[in-house]
Amino acid sequence: MSLLVVGLSHRSAPVSVLERASLAAETQAKLLQDALAAEPAVEAAALATCNRIELYADVDKFHAGVAELSTLLAQHSGVGLDELTPYLYVHYEDRAVHHLFSVACGLDSMVVGEGQILGQIKDALALGQELHTAGRLLNDLFQQSLRVGKRAHSETGIDRAGQSLVTFGLEQLAAGADVADWARGKRALVIGAGSMSSLAAATLARAGVSEITVANRTRARADRLVEILAQPGGTGVTARAVEMAAVCDELTRADVVVSCTGATGLVLTAEAVAGALGLAFDPAAEAPAAPAASVPAPPADSDRHAAWVENGTSGTVRQAVRRTTVPAQGTGPVRLALLDLAMPRDIDGATARLDGVRLVDIESLAEASADAPMAADVDQVRTIVADEVAAFGAAQRAAHITPTVVALRTMAAGVVAGEIARLDGRLPDLDEKQRAEITQTVRRVVDKLLHAPTVRVKQLASEPGGAGYADALRELFDLDPQTVAAVSRADLNDPNRGRS
């Protein structure tokens, strides 16, 4: 196993860089295809969320792999390599496994413990499988990360340590009030109809808003979300769909807006929001500057960088994602609450300066979630992750020797078949019962001779540094390398392997 991950997230990069480096779905597919076309990667998978972009690969050269994956991320993200490099982190082999398992458990999320990342990991695996860029290693890794994440959520209270970004964002909009009390009777506008927007609509409906309007570029998807919200036995919320062109008109009716689209530009400008509220807006007005946050300089090498990122749970690294200039929130009672969950952002940050407007976006959520609660649950999940990383490494090392063991047993079966055929020529008068008994006896002898060494070599191979036992087995028994390779290919090409 030569697993390598290169990426950036809210822990290592400011939001201004993250939103410029976001990857659209079609870009992810091209990134994976280019990763396999270039050496030294033989497998690749991309995990892209609103606050992280990571490229996983099975590589045969570490330094060349880091250089190649970094270059590909820069090319496909649209951020120059020189600008992107200081914010990239690198994890290799067991450290890479530990990182993905931590991500799957919600330990590396902006809101610690949130469970949406599991669906995003599943989507990343599905894309790798669809494009045939995820092979044996990445299939095993991503499938196991999903199991580890589910285990963490079922065996610990990590769910209590954090909520989804939607719930957390609504809590920030409510500014200390109970979300249900704050939302009751409000009219909500949800822009977008993807998974995050759908979750937002469902959460708002459960919170007690009186009306939800859904706007989406594809009207059919908005209609479908409205159908789900209005199903019998549901929340009873009044829901309707509109075209994206009607958003400005809907702003005049809305009390709360949640936006999460895949748009590359702003969906709501400050001018549009000001116009809906009947306010004047001066784009030349500057927000009062806040003291600049102290951003630690990124380490020069990958090991220090990895440690720097991992230690971010204490809150040190999160300082790096805080605003260096914080726009002042508008004055007066809140007339319109805006929640922007998109990356890159959907809502102009200048709307925060409008009187009567409260804006919560990804960047402000990063600030609000700097102190991770439920330390005992977090520590318990970290123990689970450590145990699962050790088990995964042992399983991968053991699997590495399996083709050699299979080749050894195949060779032994061939020897038995050859000797039985020779016996048939020398003792042609043996009846079927006698022949069957002799054949079974010879097979039992061979199985007993091979049992202890093959079981032991699998145990030894599962330990750190055990990769050399496969080579020793091939040398001792003079196994045909092509036979071993054929077994490996058959396992790798199994269409049922690792399917989600």
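Numbers at a glance
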quantity	calculated
Near pairs, Cβ below 7 angstrom, 6+ apart or cross-chain, from region 436-457 (in contact (Cβ under 8 Å) with a residue 40 or more places away in the chain) to any residue that is among the charged types (D, E, K, R)	Leu450/Arg409
Residue count for region 32-50, restricted to those that are outside any strand (DSSP E or B) and surrounded by fewer than 24 Cβ atoms within 10 Å (Cβ to Cβ)	8
Qualifying positions in region 182-232 - without any contact (Cβ under 8 Å) to a residue 12 or more places away in the chain and either open to solvent by less than 10 Å² (accessible area, probe 1.4 Å) or not in a helix (DSSP H, G or I) (or both)	Ala230, Gln231, Pro232
Residue satisfying all of: in region 66-101; in contact with a strand residue (DSSP E or B) (Cβ under 6 Å, 6 or more places away or on another chain) and part of a loop (DSSP other than H, G, I, E, B); least open to solvent (accessible area, probe 1.4 Å) among these	Leu88
Condition check for Val179: of a type in the set (A, V, I, L, M), open to solvent by 10 Å² or more (accessible area, probe 1.4 Å) and closer than 23 Å to Ser210 by Cβ	yes
Residue list for region 118-147, filter: out of contact with any Leu (no Cβ under 9 Å at 6 or more places or on another chain) and either open to solvent by less than 10 Å² (accessible area, probe 1.4 Å) or in a loop (DSSP other than H, G, I, E, B) (or both)	none
Ala263 within 32 Å of the chain's Cα centre (by Cα) and closer than 22 Å to Arg345 by Cα	yes
Criterion (among the aliphatic types (A, V, I, L, M) and at pLDDT 85 or above) met by exactly one of Leu359, Leu408	Leu359
Qualifying residue in region 55-65 (condition: open to solvent by 30 Å² or more (accessible area, probe 1.4 Å), part of a helix (DSSP H, G or I) and basic (Lys, Arg))	no
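The values are calculated or read from the model by the stated rules, or taken from the named source; none is laboratory data. Please read these numbers as outputs of a predicted model, since none were measured by experiment. Methodologically, a virtual Cβ is constructed for each residue, glycine included, from the backbone with ideal geometry; neighbour enumeration extends over all protein chains shown. The protein model used for the area step is the full one, side chains on, heavy atoms only, and it has no ligands, DNA or RNA in it. Shrake-Rupley method; radii C 1.70, N 1.55, O 1.52, S 1.80 Å.
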